[in-house]
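Worksheet for the structure shown next.
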Amino acid sequence: MRIDPRPLPAVLPFLGELPPLLTRLYAARGVQSEAELDKSLARLIPYQQLKGIDAAVDLLVTALEQRQRILIVGDFDADGATASTVGTLGLRLLGAAHVDYLVPNRFEYGYGLTPEIVAVALQRKPQLLITVDNGISSVEGVAAAKAAGLKVLVTDHHLPGDELPLADAIVNPNQPGCEFPSKALAGVGVIFYVLMALRARLRSLGWYENKPQPNIGELLDLVALGSVADVVPLDANNRILVHQGLERIRAGRARPGIKAILEVAKRDAARITSTDLGFILGPRLNAAGRLDDMSLGIECLLTTDFAAAREMAAQLDGMNQDRKSIEQGMQREALAQLKDLPVESMPYGLCLFDPEWHQGVIGILASRMKERYFRPTIAFADAGDGLLKGSGRSVQGFHIRDALAVVASQHPNLIAKYGGHAMAAGLTLAEENFPLFAEAFDAEVRRQLREEDLTGRLLSDGTLAVEEFHLELARALRHAGPWGQHFPEPVFHGVFQLVEQRVVGERHLKVVLKTECGSVKLDGIAFGVDREVWPNPTVKWVELAYKLDVNEFRGNETVQLMIAHIEPR
């Protein structure tokens with residue numbers, strides 16, 4: 001692992017009366033003006049800039065006026081679950097008479113609006129079908145729905161393929177011709193924007209002259225959760241959505257389901273950060289879709305009964321424990337496949353497969369292997385009928401979805417279907433094609449990346465002076481975000497004296513450190529360390545990359561270093 005300084009602009013922007021350190025941190029993350037730090041809802045990009053928004057609202061107004069039956073078809077991850085919940089609650093809030101949801105079981109139907117899912121949907125007798133967090137690649141599914149006489153509204157954020165579905169309306173900031181400035185909206189963000197536009201139209205039509213106007217801001221806790229859990233870039237627009245959602249949670253105004261998941265995870269809602277959304281709430285919600293059926297997660301988010309929410313949250317927590325156990329076993333098997341492979345012989349693009357691997361956990365496995373070996377990784381599981389399903393994770397500088405498109409064009413019929421983003425993608429192929437695909441994927445990675453791109457690079461925001469290791473700065477950094485994808489939490493580095501070290505749990509290293517001059521004593525923790533390396537009583541000095549955090553124990557707050565990288569010095 002190489003620690004490099006995070007690049008700074010030649011001239012720092014004026015960002016108001018901020019401390020110099022915060023100005024430097026924001027500038028290094030591309031903030032160019034004080035306005036970009038305004039996290040009020042008034043600063044959101046106007047919904048009018050979304051292509052297709054008027055046609056979408058036309059469909060929805062007609063559905064509300066005619067009391068049509070509306071069915072939302074979602075995805076089985078946290079973004080899909082929150083988007084399904086936001087769509088269902090929001091439309092009910094705005095006056096829809098009949099709204100229901102349907103989420104494909106990943107093991108039976110796979111991803112998206114397929115003709116098979118349309119057949120299931122028709123049993124509910126809907127008149128308007130709305131996709132959330134999927135649909136932009138569902139050409140055949142939309143055609144099946146239209147052939148059955150349904151109106152179809154596609155709301156999605158994924159990259160489109162060569163052919164768009166012939167839906168009645170499409171809202172997706174990434175569709176051709178859409179000039180919406182933020183291409184980073186999550187699926188839940190897109191449906192929230194659709195609801196904002198619908199409320200504005202209903203207001204202009206006089207729906208709220210004799211009754212209170214619904215507050216769809218009540219849904220922002222769900223928007224924040226789905227956006228962070230889906231690891232979309234936190235540009236200025238998404239930071240507003242996430243900040244506003246976090247404020248609702250901290251103020252005790254979250255959905256009962258979110259409160260219940262935080263309770264079973266033993267997290268204080270008043271102290272929650274965007275990191276908690278991604279690492280505490282997101283995995284527990286995702287566990288339902290990974291191991292069973294995401295309907296449990298959606299029902300947990302939908303319910304207004306806290307006792308019921310607590311019961312479902314406990315089930316989700318149990319599923320997440322099962323997921324961890326399955327994941328650890330798969331990691332051991334993946335490492336066994338690679339342990340005898342010399343580094344110089346390792347593919348640039350890793351493709352891993354075991355017939356016993358769990359289809360719902362391969363995405364996490366790919367992420368773990370990518371983090372360990374610093375190269376694009378795709379993990380595959382048996383999907384039945386001679387097919388494999390793959391889930392890929394990428395590294396900075398390599399657009400994995402576009403790489404799959406290149407492989408597909410060079411080798412027609414090799415990949416049955418694929419889709420995704422720059423950093424994550426999914427695909428299906430015949431098991432017999434796995435060796436050829438692995439070779440073709442490796443070749444494409446080698447074409448784009450060099451050996452030095454695969455060594456692992458951690459960007460640091462510099463070193464902290466001794467006098468900066470204090471609670472006020474740690475608290476300020478905690479709330480200076482929200483931090484997340486493409487707007488990373490500040491990481492600092494430095495050399496420290498290692499005073500104490502011990503392993504807690506299975507692989508977590510607790511340390512006591514002294515600053516290089518020995519004048520300040522600090523606690524630190526590194527998660528998931530290599531047990532073959534740590535603890536090491538012979539090591540007296542270490543180089544760290546770390547985040548400055550606040551540790552709260554029995555009402556007492558202290559500074560703690562959250563260690564991202566540790567090596568003997």
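Observations on the structure shown:
- Within segment 54-72, being in contact with a helix residue (DSSP H, G or I) (Cβ under 6 Å, 6 or more places away or on another chain) and farther than 21 Å from Tyr208 by Cα holds for Ile70, Leu71, Ile72.
- Applying the set (1) surrounded by fewer than 24 Cβ atoms within 10 Å (Cβ to Cβ); (2) within 29 Å of the chain's Cα centre (by Cα) to Lys146 leaves exactly one unmet item: (2).
Conditions (1) at pLDDT 95 or above; (2) more than 28 Å from Ala186 (Cβ to Cβ), marked per residue:
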| site | (1), (2) |
| --- | --- |
| Ile415 | yes, no |
| Met423 | no, no |
| Gly426 | no, no |
| Glu432 | yes, yes |
| Leu436 | yes, yes |
| Phe441 | yes, no |
| Glu444 | yes, no |
| Glu452 | no, yes |
| Ala465 | no, yes |
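- Of all residues in segment 544-569, those that are within 22 Å of Arg457 (Cβ to Cβ) and surrounded by 15 or more Cβ atoms within 10 Å (Cβ to Cβ) total 11.
- One residue alone among Leu71, Leu64, Leu22 is closer than 22 Å to Ala121 by Cα and assigned to a helix (DSSP H, G or I), and that residue is Leu64.
- Any hit, segment 79-89, residues being in a loop (DSSP other than H, G, I, E, B), crowded, with 19+ Cβ neighbours inside 10 Å and in the same structural domain as Asn210 (by TED's automatic domain parsing): no
- Count of residues meeting criterion [free of Cβ contacts under 8 Å to residues at least 60 places away in the same chain, in a loop (DSSP other than H, G, I, E, B) and out of contact with any Ser or Thr (no Cβ under 6 Å at 6 or more places or on another chain)] in segment 397-437: 9
- Residues satisfying the stated conditions in segment 516-559, i.e. out of contact with any strand residue (DSSP E or B) (no Cβ under 9 Å at 6 or more places or on another chain) and either closer than 17 Å to Phe469 by Cα or of a type in the set (Gly, Ala, Ser) (or both): Cys517, Ser519, Gly555, Asn556
- Members of segment 474-493 that are of a type in the set (A, V, I, L, M), surrounded by fewer than 19 Cβ atoms within 10 Å (Cβ to Cβ) and part of a helix (DSSP H, G or I): Ala476
- Conditions (1) surrounded by 19 or more Cβ atoms within 10 Å (Cβ to Cβ); (2) at pLDDT below 95; number of the one not met by Leu301: (2)
- Selection status of Ala167, outside any helix (DSSP H, G or I), in contact with a helix residue (DSSP H, G or I) (Cβ under 6 Å, 6 or more places away or on another chain) and surrounded by 22 or more Cβ atoms within 10 Å (Cβ to Cβ): yes
- Residue in segment 484-498 that is farther than 30 Å from Val31 by Cα, of a type in the set (Val, Ile, Thr) and under 32 Å from the mean Cα position of the chain (by Cα) present: no
The values are calculated or read from the model by the stated rules, or taken from the named source; none is laboratory data. Everything quoted here is computed from the prediction, not taken from an experiment. Every residue, glycine as well, gets a Cβ built from its backbone with ideal geometry; the counts of neighbours run over all protein chains shown.
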